[in-house]
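**Student:** Following this message is one structure expressed as structure tokens.
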């Protein structure tokens with residue numbers, strides 16, 4: 001049995017409609033007229049995350065936009081990142097300010113930490129939180145992520161917007177330390193917003209990455 005695709009995130013369908021319309025150089029009024037719908041309804045579809053047009057409406061829009069219902073509704077969402085979007089001819093890379101970097105980090109909960117020890121190099125995913133402008137995660141003693149303690153590490157988070165062919169990435173460089181003081185552990189436990197997805201049973205080791213440097217870039221499409 002083929003795996004079910006992930007459901008589209010709220011608003012993705014509307015953004016796909018708007019993106020495809022822009023690719024064809026059509027105005028909202030032109031598409032609405034060809035589809036036989038009010039311009040205000042097309043605006044609602046494109047801009048409101050709660051919009052849920054029926055199969056008939058989607059089929060009409062797909063025909064007008066020379067695409068498929070599957071493409072508009074996100075049926076290709078199980079493809080690997082980067083396989084659905086198309087690069088904009090006017091896209092450019094923009095450096096993120098430190099404040100923007102922290103804001104984007106704080107809005108996510110899964111990142112990757114680079115582990116480099118004698119005989120081992122790996123990039124491992126972890127569930128993390130941002131607390132007082134440091135990256136915090138829990139892991140099991142003796143695990144791969146635990147090996148970063150006492151070393152300078154690189155931590156990375158990124159996001160890809162397939163609907164708009166945009167994205168960003170942020171890198172944090174700093175020293176990873178184990179947090180053992182009971183008061184410090186209690187302080188972190190009260191402030192984290194993302195816990196280990198595999199479970200809490202043996203992930204009792206707290207690690208804090210103290211940011212020495214932070215940088216990031218985003219793809220800007222005018």
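The values are calculated or read from the model by the stated rules, or taken from the named source; none is laboratory data. Everything quoted here is computed from the prediction, not taken from an experiment. Here the Cβ positions follow ideal geometry from the backbone for every residue, glycine too, while neighbour counts run over all protein chains shown.
**Student:** Under the condition of being in contact with a helix residue (DSSP H, G or I) (Cβ under 8 Å, 6 or more places away or on another chain) and in a loop (DSSP other than H, G, I, E, B), which residue from the stretch 52-65 is modelled with the highest pLDDT?
**Tutor:** Filtering the stretch 52-65 for residues that are in contact with a helix residue (DSSP H, G or I) (Cβ under 8 Å, 6 or more places away or on another chain) and in a loop (DSSP other than H, G, I, E, B), the one modelled with the highest pLDDT comes out as 65.
**Student:** Filter the stretch 174-216 down to the residues that are modelled with pLDDT under 95, more than 15 Å from residue 150 (Cβ to Cβ) and crowded, with 17+ Cβ neighbours inside 10 Å and list them by number.
**Tutor:** Within the stretch 174-216, 188, 192, 194, 196, 203, 211 meet the criteria.
**Student:** Kindly indicate the residue of the stretch 117-163 that is out of contact with any strand residue (DSSP E or B) (no Cβ under 7 Å at 6 or more places or on another chain) and closer than 30 Å to residue 15 by Cβ and also modelled with the lowest pLDDT among those meeting that condition.
**Tutor:** This residue is 163.
**Student:** Across the stretch 14-51, which residue is farthest from the chain's Cα centre (by Cα) among those that are closer than 21 Å to residue 161 by Cβ and in a loop (DSSP other than H, G, I, E, B)?
**Tutor:** 24
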